[in-house]
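Heads up, the thing below is written out as structure tokens.
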Amino acid sequence: DDTYDAYGSAQGSAEYGVGILHDEAGSDSYSCFCNAQGYAGPMGFGLLLDKGASPDTYTARDTPLDIPSAQTPEHNTSMAQGVACGRRAAYLGGHSIAGGVGVLCDDGGNNTLTCGVFGQGTGYWMGVGMCLLGPGDDTVAGTWYVQGSSAHFAVGILDDTGGNDTRKATHNMAMGAGHDYSVGWLIDHAGNDTCDAPGLSLGGGNACGYGFYWDKAGDDSYKAQPRASMGDSGGG
């Protein structure tokens, strides 16, 4: 039973290279602020792989407010728990660099994941972010750009193989949502799930983005805010 505590650039984090944290067993706790827990910056591959079916906790701290996000300055920019982010310089001189591949993979157990903005299977600026969860009753909570979401030519995936899961997000872009020529996927294979979603969620697409929410089995409950949610699209 291990405790991993870092500020950032840790726990399976990479830019222009490869970073891997592999934990074989036990009930583990991971905490960070940013760029961690399966994070890939430009041209990187970051992987956090936790094996076994013990319950684990993944926290990307949203307080204190050290890294205010551009989307909502009341929350931190997490970039954690399966996130990939490139260097977006299209409006700064054109020297953009594609994001890499960031993966958080947990084999199973009743896990808890919390973050601020950008987390839990999110891709940004030509990056691919994946949050892959095995069987278990998971609790997943985040703010904006979380849980299988993407923006700007990217891919975000949250894949959960089973369990009675609870998911909550408070702002736009969550639970299978794509924005600006991007693809966001949330795939849930089994279990009785509860989802409390914002707008632009649950299979929502915006500005030529593609969002997919695919629940294969179970008795589920969904609540979403208006605008581009539950298989709807919006944007110019």
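The values are calculated or read from the model by the stated rules, or taken from the named source; none is laboratory data. Given the structure is predicted, the values throughout are model-derived calculations rather than measurements. We place every Cβ from the backbone using ideal geometry, glycine too, and count neighbours over all the protein chains shown. Remember, those area values only see protein heavy atoms, side chains included, never the ligands or the DNA or RNA. Shrake-Rupley method; radii C 1.70, N 1.55, O 1.52, S 1.80 Å.
Leaving out ligands, DNA and RNA, and with a 1.4 Å probe, what % of the accessible surface on the range 24-104 is carbon or sulfur?
59
State in Å² the accessible area per residue of the chain; use a 1.4 Å probe, count heavy atoms of protein chains only, and round to the nearest integer.
Heavy-atom accessible area per residue stands at 39 Å².
When the chain is fully extended, how far beyond the present Cα-Cα distance does ALA207 get from ASP180, taking 0.36 nm per residue of separation?
9.2 nm
Work from the charge dipole of the range 72-192 (Cβ charges, +1 for Lys and Arg, -1 for Asp and Glu, about the Cα centre) and give the residue of SER96, VAL146, ASN111 farthest towards its positive end.
Working it through, the farthest residue towards the positive pole turns out to be SER96.
Taking the highest mean first, how do the peptides 207-216, 14-23 order by number of other beta carbon atoms within 10 angstrom per residue?
Output ranking for 207-216, 14-23: 207-216, 14-23.
In the range 55-187, what percentage of the DSSP-assigned beta bridges are antiparallel, given to the nearest 5? Intermediate values should be presented prior to the final figure.
Values: 2 of 43 bridges.
Antiparallel bridges make up about 5 percent of those DSSP assigns within the range 55-187.
Mind checking the dipole of the chain: about its Cα centre, +1 per Lys or Arg Cβ, -1 per Asp or Glu Cβ, Debye to the nearest 20?
Approximately 1040 debye in magnitude.
Could you work out the relative contact order of the chain, using alpha carbon pairs under 8 angstrom and six or more residues apart, expressed as a whole percent?
13
Take the Cα pairs of the chain, get the Kirkwood Rh, then feed it into Stokes-Einstein at 4 °C and 1.567 mPa s and tell me D in µm²/s.
D = 78 µm²/s.
What net charge do the residues around VAL103 carry, taking every other residue with its C-beta under 12 Å from that of VAL103, with Lys and Arg at +1 and Asp and Glu at -1?
Counting the neighbours of VAL103, the net charge comes to -3.
What does the charge add up to near GLY82, with Lys and Arg as +1, Asp and Glu as -1, over the other residues with Cβ less than 11 Å from its Cβ?
-2
For ASP220, ASP28, give the ranking by accessible area with the largest first, probe 1.4 Å.
Listed by decreasing accessible area, they come as ASP220, ASP28.
Once label points are set 7 Å from the Cα along Cα→Cβ at both TYR91 and TYR16, what is their separation, rounded to one decimal in nm?
Between TYR91 and TYR16, the label points sit 2.6 nm apart.
Just the Cα atoms of the range 104-159, one point each, no solvent: what log10 I(q)/I(0) does Debye give at q = 0.13 Å⁻¹?
Relative scattering, expressed as log10 I(q)/I(0), comes to -0.29.
Whole-Hz Karplus ³J(HN,Hα) for the range 203-215, in order, using 6.51 cos²θ - 1.76 cosθ + 1.60 and θ = phi - 60°, x for Gly and Pro?
x, x, x, 9, 6, 6, x, 10, x, 10, 10, 10, 9
How far apart, in nm, are two points set 7 Å out from the Cα along the Cα-to-Cβ line at ALA25 and at THR57?
Placing both labels 7 Å beyond Cα along the Cβ direction yields 2.3 nm.
Mind ranking 76-84, 147-155 by how tightly packed they are, going by the mean number of other C-beta atoms within 10 angstrom, highest first?
Packing proxy ranking, top to bottom: 76-84, 147-155.
Only bridges whose two residues both fall in the chain count here: according to DSSP, what percent of them are antiparallel, nearest 5?
5
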